[in-house]
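The values are calculated or read from the model by the stated rules, or taken from the named source; none is laboratory data. In this text the structure is predicted, and so the values were computed from the model without any measurement. Don't worry about glycine lacking a Cβ; one is built from the backbone with ideal geometry, like all the others, and counts go over all protein chains shown. Surface accessibility is based on the protein's heavy atoms, side chains included, excluding ligands, DNA and RNA. Shrake-Rupley method; radii C 1.70, N 1.55, O 1.52, S 1.80 Å.
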Amino acid sequence: MFMSILPTGGIVGAQMAGLCAAVSSAIAYAAGLEDARIRVTEDSGVIYLDGSAPSLHVVETAMGVARDIAGNAICNRIEPAY
């Protein structure tokens, strides 16, 4: 008898993709982040925020929005303009 073995990462991967999309949408529509250029990606269960923002306050706002949705699985790589 043959049994198919499904990878357990498939469901988790789809959930992470949805979480990544939710973070991206929330950042796109959050007040105060209009001038930021932030890209949201995911790798190995960690959501990365890359790009640039006009100030450190805007970076902190984006991180807060992302954490509200995804918890602590966020890595901030946004560069503030000084």
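For a quick check, take a GNM of the chain with Cα springs below 10 Å and name the residue from Ala62, Ala17, Ala31 with the largest mean-square fluctuation.
Maximum among the listed residues: Ala31.
In whole Hz and in residue order, list the ³J(HN,Hα) couplings for region 65-82 that follow from phi through the Karplus curve 6.51 cos²θ - 1.76 cosθ + 1.60, θ = phi - 60°; x for Gly and Pro.
4, 5, 5, 4, 8, 9, x, 8, 7, 10, 10, 8, 10, 7, 9, x, 7, 10
Quick check for you: with a 1.4 Å probe and neighbouring chains kept, what is the accessible area per residue of the chain, in Å²?
Normalised by residue count, the accessible surface of the chain is 68 Å².
Please build a GNM for the chain, connecting alpha carbons under 10 Å apart, and tell me which residue among Ser44, Ser25, Ser52 fluctuates the most.
Result: Ser44 has the largest fluctuation of those listed.
Please get the size of the charge dipole for the chain, origin at its Cα centre, with Cβ charges of +1 on Lys and Arg and -1 on Asp and Glu, quoted in debye to the nearest 20.
The calculation lands at about 140 debye.
Can you compute 3J(HN,Hα) from phi for each residue in region 26-33, using the Karplus curve 6.51 cos²θ - 1.76 cosθ + 1.60 with θ = phi - 60°, rounded to whole Hz and x for Gly and Pro?
5, 5, 4, 9, 6, 5, x, 10
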